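A short reminder: the numbers here are calculations on the coordinates, not readings from a lab. Note that the structure is predicted; figures quoted are calculated from it, not measured. Every residue, glycine as well, gets a Cβ built from its backbone with ideal geometry; the counts of neighbours run over all protein chains shown.
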Amino acid sequence: MAGVNRKPLQGVSNIVWFNWHYYAAGLVFLGAGVAVRPFLTGAANAGVLGLVLAAGVSMTVSLAVSLYVYDLSGLYALGWLRGLPEAPGTNLVNIHAGFDETSALLRQRYPKATWQVFDFYDPARHTEISIRRARKAYAAFPGTRAVATGRLPLPAGSVDAVLLIMAAHEIRDPAERIAFFAQLRAALRPGGKVVVVEHLRDGYNLAAYHFGFFHFYSRRTWRHAFDAAGLQLVEETKITPFVSVFTLQKNDTAP
């Protein structure tokens, strides 16, 4: 199989392209602010200047952090992913929410394993135009199966590891999220793992993405979902200050 390589600046360019309407609106706002300032004086002039500077800094910081996270940090080099079984017969599952940037890279890193790829994108519920643009721009990984979060086709005790890389936060309902993780727990073989990679609703991501950080969940929210689903957090690491990795196993004391 030919090697899979990401293009330079692929991450940040995808963000701009899939969300170009936001950036276009931001540029229009900046341009309008610059255009009207010569006609204003005093406090009005200073206020518009403050708004223009704040908007410009906000856009610049979010793009700079996105460049760091998605292009420079090694997120997609997968060096942070350690301890997955690799022997023939290993059953690994990658689950995403409509835009899959990782399955080809994962199969390249673990070629001896048997891979299943699930996509829980639901066009009736995931209505963001950005995900529709992403799905048009990139073909699905071969063999990807469309699934519902409440009906995963995973028999009990059949899986060595499940990966959710920047995907699980799209399950917005708390009860649905817990039920989803409970299915993953039931599907794990002894010693199996669930690996969840996410931005958190914390100070770092607030500084980087401003109001966008409300799309993420706090560490406390994730811990509650894991605990309620009968999963035990065995390791928590950082890829960058903005991205966390939770490694989970069955909590054998859970009911």
(message) Modelling each spin label as a point 7 Å along the Cα-to-Cβ direction, I'd like the Arg82/His126 distance in nm, to one decimal.
(response) 3.1 nm
(request) Give me the distance between the Cα centres of region 77-128 and region 199-228, rounded to whole Å. (result) 22 Å
(message) Need the full-extension length gain, Ser13 to Phe29, defined as separation in residues times 0.36 nm minus the C-alpha distance. One decimal, nm.
(response) 3.6 nm
(request) Would you mind telling me the antiparallel percentage of the DSSP bridges in region 1-158, rounded to 5? (result) 10 percent
(request) May I ask you to compute the full-extension gain from Leu72 to Leu233, defined as 0.36 nm times their residue separation minus their alpha-carbon distance, rounded to one decimal in nm? (result) 55.2 nm
(message) Residue by residue through region 170-181, what is 3J(HN,Hα) from phi via Karplus (6.51 cos²θ - 1.76 cosθ + 1.60, θ = phi - 60°)? Round to whole Hz and write x for glycine and proline.
(response) 6, 8, 7, 7, x, 5, 5, 5, 5, 4, 4, 5
(request) Would you mind estimating how fast region 1-133 diffuses translationally, via Stokes-Einstein at 10 °C and 1.306 mPa s with the Kirkwood radius over Cα pairs, in µm²/s? (result) 87 µm²/s
(request) Could you tell me the distance between the Cα centroids of region 151-196 and region 33-65, to the nearest Å? (result) 45 Å
(message) I want to check the label-to-label distance for Ala55 and Ala146. Put each point 7 Å from Cα in the C-beta direction and report it in nm to one decimal.
(response) 3.9 nm
(request) Calculate one ³J(HN,Hα) per residue across region 213-226 by plugging θ = phi - 60° into the Karplus curve 6.51 cos²θ - 1.76 cosθ + 1.60, and present them in order as whole Hz with x for glycine and proline. (result) 5, 5, 6, 8, 10, 6, 4, 4, 5, 5, 4, 4, 4, 4
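Viscosity 0.692 mPa s, temperature 37 °C: give me the Stokes-Einstein translational D for the chain in µm²/s, with Rh taken as the Kirkwood radius over C-alpha pairs.
Values: Rh = 20.0 Å.
Reported coefficient: 164 µm²/s.
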(request) May I ask you to derive the relative contact order of region 1-78, considering only C-alpha pairs under 8 Å and at least 6 residues apart, and to give it as an integer percent? (result) 44 percent
(request) Report the relative contact order of the chain, percent, no decimals, based on alpha-carbon pairs under 8 angstrom and at least 6 residues apart. (result) 16 percent
(request) Sticking to Cα atoms, compute the Rg of region 104-178 to one decimal and its Dmax as the biggest Cα-Cα distance, whole number, in Å. (result) 13.7, 37
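For the chain, what does the helix formula give at 222 nm: sum of -39500 (n - 2.57) over DSSP H segments with n ≥ 4, over the residue count, nearest 500 deg cm²/dmol? Don't skip to the end; give the middle numbers.
Details: 8 runs with 99 residues, N = 255.
Counting only the DSSP helices, I get -12000 deg cm²/dmol.
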(message) Using a Cα-Cα cut-off of under 21 Å, which lysines could be cross-linked to Lys250, ignoring same-chain neighbours fewer than 8 residues away?
(response) Lys193
